[in-house]
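Engineer: Structure incoming, see below.
The values are calculated or read from the model by the stated rules, or taken from the named source; none is laboratory data. Since the structure is predicted, the reported quantities are computational estimates derived from the model, not experimental observations. Glycine gets a Cβ as well: all are built from the backbone with ideal geometry, and neighbour counts include every protein chain shown.
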Amino acid sequence: MTTNEMKRFAERTVRRTLAAGAETSEVTVLERMEFSAEVRKGSIEKLIESVSSTIDIELSIDRRKALVSSSDLSEESVAALIAEGVELARIMDRDEFFALPDADELGTAEGDLDLFDPEAQSIPTERKIALALELERNALSLDRRIIPDGSSFSNGSKTISFANSLGFCETYRRTSHTLALSCAVEDKPENGENIGKRQSSYWYSTAIRARDLERIEEIASKAVSRTLRKIGARKPKTCEAPVVLDPETTRDFLESIAGALGGGSIYRKSSFLVDRMGTRIGSPLVTIVDDALMPGKLGSRPFDFEGVRSRRNVPIEGGILRSYLLSSYQGRKLGFKTTGNAGGVSNLYLEPGASTPREILSSVSQGLYLTALSGPGANWMTGDFSQGAQGFWIENGEPSYPVDEFTIASSFPAMLSGIVMVGNDLDWRSAIAAPTIKIERMTLSGT
């Protein structure tokens, strides 16, 4: 369907839902096209190309809500789906907080958010496969020790139409492209505890437009260097030490903070940030922004999942908790207004500081440069933090040797309060973006 046809279909479905007895109706129609080519050792391992359409209908009767979905958009299927939704709604429990958003909250962001690459669908399949193969070949040419674990090119497009019974109906399109490489090396150094083991790492680039992807040579070089630098890793001694988080691990940390800021976690009392509004929860260096209005970014959107106009939010400003991230329903339960976050965060980032990564490392005489986290242990309900880790031991401001097979522990409140330096190297390869940071002290459990 064209975008106009999808809008008309969504509007028509809303009318049919109301005619069947629903008091409120929200309809989302999604058309998705996806491609993925994965190669290994010069051969294609997986090739996926798909086109799919889905419809979600959320309706209510006397504040009793039901949600039904289907991948069949035929008239007969949609009619049966609506009948099923009405039947379900009549037997659901009544929820006094359920209602559509206030009409004045509905709308689309002004201006072009640059979410769609018109060339995405014209890239030949042979070219996509060739890019994945070229990425692997480039990595293998850099060092004979490299073992390919997989190289891939993927891209896709989505068209999203949303309509509700308040008269809102809008559509937008978005695309994405990703080039990724994973590789390994046999760890056989002269000295080191990991003799005979295999070390692995990766690098990737993701962008809305294919032309904005990093060059193949850059992706290969980063993946290879991140892999080779792990050779000879050892366990660090158990201690408390300053910790520098690279942008990848800061992003993992920030993702947990995003979960703690979510309205669902707050009203369920499953966040360490419950009842902390207006209080200091972090260092003055900590400002966290959620901005759906940034052109060309992976999390941008003109409206959220319930048609609320997108906006820029600053939930944490200078270490002070200013707001949670809320849908209309969550806001109603908590006594606040929506923040336009139905469906979750948009572009969430830790505001960058003035320090370079080199300056941050140089400030540490003895400590840890953290480059990977693994396993469970980041609990934003209790605030406890304890995860498996990898990285490098810092001596006199320089990464000295790789460290592995240890646990790093603290708590989210202590980590937020302990941020003493923030880097200027914000990494935008995801909808959650982060720079290098330094935390004053954490506990390492090694030997």
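Engineer: Can you tell me which residues in region 293-312 are surrounded by 23 or more Cβ atoms within 10 Å (Cβ to Cβ) and not in a loop (DSSP other than H, G, I, E, B)?
Structural biologist: Residues satisfying the conditions are 303, 308.
Engineer: Residue pairs, Cβ under 7 Å, 6 or more apart or interchain, first in region 41-52 and assigned to a strand (DSSP E or B), second among the β-branched types (Val, Ile, Thr) and surrounded by 11 or more Cβ atoms within 10 Å (Cβ to Cβ). List them.
Structural biologist: Going by the 7 Å Cβ cut-off, the qualifying pairs are 44/129; 45/39.
Engineer: If you scan region 105-121, which residues turn out to be in a helix (DSSP H, G or I) and modelled with pLDDT of 95 or more?
Structural biologist: Across region 105-121, the qualifying residue is only 105.
Engineer: Of all residues in region 365-376, which are loosely packed, with under 15 Cβ neighbours inside 10 Å and in contact (Cβ under 8 Å) with a residue 24 or more places away in the chain?
Structural biologist: 365, 366
Engineer: Related question: Could you tell me whether any residue of region 359-370 is more than 15 Å from residue 234 (Cβ to Cβ), in the same structural domain as residue 246 (by TED's automatic domain parsing) and within 23 Å of the chain's Cα centre (by Cα)?
Structural biologist: The answer is yes, given that some residue of region 359-370 is more than 15 Å from residue 234 (Cβ to Cβ), in the same structural domain as residue 246 (by TED's automatic domain parsing) and within 23 Å of the chain's Cα centre (by Cα).
Engineer: Out of 312, 332, I need the residue that is in contact (Cβ under 8 Å) with a residue 12 or more places away in the chain and over 24 Å from residue 59 (Cβ atoms). Which one?
Structural biologist: So the residue among 312, 332 that is in contact (Cβ under 8 Å) with a residue 12 or more places away in the chain and over 24 Å from residue 59 (Cβ atoms) is 312.
Engineer: What about residue 98, is it within 30 Å of residue 212 (Cβ to Cβ), touching a Ser or Thr at 6+ places or on another chain (Cβ under 7 Å) and among the aromatic types (Phe, Trp, Tyr)?
Structural biologist: So residue 98 does not fit the description; no.
Engineer: Do we have residue 216 as within 16 Å of residue 390 (Cα to Cα), surrounded by fewer than 22 Cβ atoms within 10 Å (Cβ to Cβ) and aliphatic (A, V, I, L, M) here?
Structural biologist: Spelling it out, it is not the case that residue 216 is within 16 Å of residue 390 (Cα to Cα), surrounded by fewer than 22 Cβ atoms within 10 Å (Cβ to Cβ) and aliphatic (A, V, I, L, M).
Engineer: Just for strands (runs of 3 or more DSSP E) wholly inside region 398-447: which have at least 3 residues that are of a type in the set (A, V, I, L, M, F, W, C) and within 15 Å of residue 364 (Cβ to Cβ)?
Structural biologist: Hits in region 398-447: 419-422, 437-445.
Engineer: Also: Considering only residues of region 388-397 that are out of contact with any Gly (no Cβ under 6 Å at 6 or more places or on another chain) and assigned to a strand (DSSP E or B), which is surrounded by the fewest Cβ atoms within 10 Å (Cβ to Cβ)?
Structural biologist: For region 388-397, the residue satisfying everything is 395.
Engineer: I would also like to ask the following. Name the pairs: first residue in region 110-124 and over 19 Å from residue 49 (Cβ atoms), second residue modelled with pLDDT of 95 or more and exposed (fewer than 14 other Cβ atoms within 10 Å of the Cβ), Cβ to Cβ under 7 Å, at least 6 apart or on different chains?
Structural biologist: 112/295; 113/295; 114/295
Engineer: Could you say whether any residue in region 4-25 is assigned to a strand (DSSP E or B), crowded, with 17+ Cβ neighbours inside 10 Å, touching a helix residue (DSSP H, G or I) at 6+ places or on another chain (Cβ under 8 Å) and not assigned by TED's automatic domain parsing to the domain that holds residue 340?
Structural biologist: There is at least one residue in region 4-25 that is assigned to a strand (DSSP E or B), crowded, with 17+ Cβ neighbours inside 10 Å, touching a helix residue (DSSP H, G or I) at 6+ places or on another chain (Cβ under 8 Å) and not assigned by TED's automatic domain parsing to the domain that holds residue 340.
Engineer: Here's another thing I want to ask about it. Check region 352-374 and report whether any residue there is over 18 Å from residue 436 (Cα atoms), at pLDDT 95 or above and not in a strand (DSSP E or B).
Structural biologist: No: zero hits.
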